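To start, the structure under review is shown below, and the notes come after it.
Taken together, the values in this text are just the output of simple stated rules run on the coordinates, not laboratory data. All of these numbers come straight from a predicted model, not from anything done at the bench. Using ideal geometry, Cβ is built from the backbone for each residue, glycine included, and neighbour counts are taken over all protein chains shown.
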Amino acid sequence: YGVDIMEWAVHVCELRLWLQLVVETDLKPEELTIEPLLPNLDLNVRAGDSLVQQVGDVNFSHLNLAKLPVSIKGKLTNLKGEKRKYFYNDPERKYKTKLQVDTAELNIFKEILDQQINEKKNELKRLDRSITETGVQKGLFGDEPKQESLKLKTAQLKEKQKLQDEFLQFQTARNSLKDRKDIPFVWDISFAEIFGDDKHGFDIVIGNPPYVRQEIIADPKEDPKDFGGENSAEW
């Protein structure tokens with residue numbers, strides 16, 4: 001498996017893999033014409049940001065995908081199997097084109113964000129009911145509000161603002177997927193067969209670290225054209 005943020009680097013990787021296997025294969029030249037030496041490498045080599053698993057302002061690495069609803073988990077498991085069938089040209093495959101595979105994966109992201117939006121909506125409704133029920137209790141003689149009551153009200157309003165901000169983040173991320181053509185890269189979804197319920201990730205990971213200090217890498221939400229990849233003004 002491999003990931004690179006530059007699409008051309010992914011294509012170079014695919015070419016090098018193909019050449020290496022052609023050189024090292026034990027098949028005779030005439031056997032190579034019978035069937036492909038390699039499956040479609042799009043399944044294993046992906047373009048994407050392997051460090052920042054972000055859609056809009058939502059960082060998917062902060063979401064607990066293990067607690068997804070059973071319905072979404074089932075679709076993710078099904079997608080895992082169908083992707084492999086497609087890339088191995090299984091005659092019983094569900095998806096006939098790469099666009100159908102990509103659309104199915106993109107729909108997983110949409111469903112996860114929809115689920116998070118509904119969750120925040122329900123939390124806001126519960127908090128609104130709690131705020132209404134709490135009110136502000138008066139003091140012993142009905143003059144000044146109790147200090148504890150004011151503190152509780154302030155804490156509730158602060159929590160409400162936090163939930164509203166999170167709700168807006170998820171909603172903005174969901175809207176960003178409406179016309180999006182490329183597929184976001186998130187390890188647990190893009191390589192679901194490695195990070196599924198019965199898996200625990202890769203045995204060995206080889207990374208290529210940034211060539212600048214991490215403190216001066218620009219925010220991923222900024223347009224790369226504005227800074228050339230890193231915040232070059234700082235180095």
For the range 18-101, which chymotrypsin sites (Phe, Trp or Tyr not before Pro) are in a loop by DSSP, counting at most 14 other Cβ atoms within 10 Å? 88
Any trypsin sites (Lys or Arg not before Pro) in the range 154-203 that lie in a DSSP loop and have at most 15 other Cβ atoms within 10 Å would be 178, 180, 181, 199
Could you tell me what % of all Cα pairs in the range 1-81 have separations over 18 Å? 63 percent
Express the C-alpha Rg of the range 151-194 as a ratio against the empirical globular expectation 2.2 N^0.38 Å, rounded to two decimals. 1.79
I need the phi-derived Karplus couplings for the range 160-175: 6.51 cos²θ - 1.76 cosθ + 1.60, θ = phi - 60°, integer Hz, Gly and Pro marked x. 5, 4, 4, 5, 5, 5, 5, 4, 5, 4, 5, 5, 5, 4, 5, 5
Remind me, what semi-axes does the range 45-126 give for its equivalent ellipsoid, largest first in whole Å, using sqrt of 5 times each Cα gyration tensor eigenvalue? 28, 16, 10
What residues have an amide H closer than 5 Å to that of residue 2, excluding those fewer than 5 places away on the same chain, when H is modeled at 1.01 Å from N in the peptide plane? 45, 46
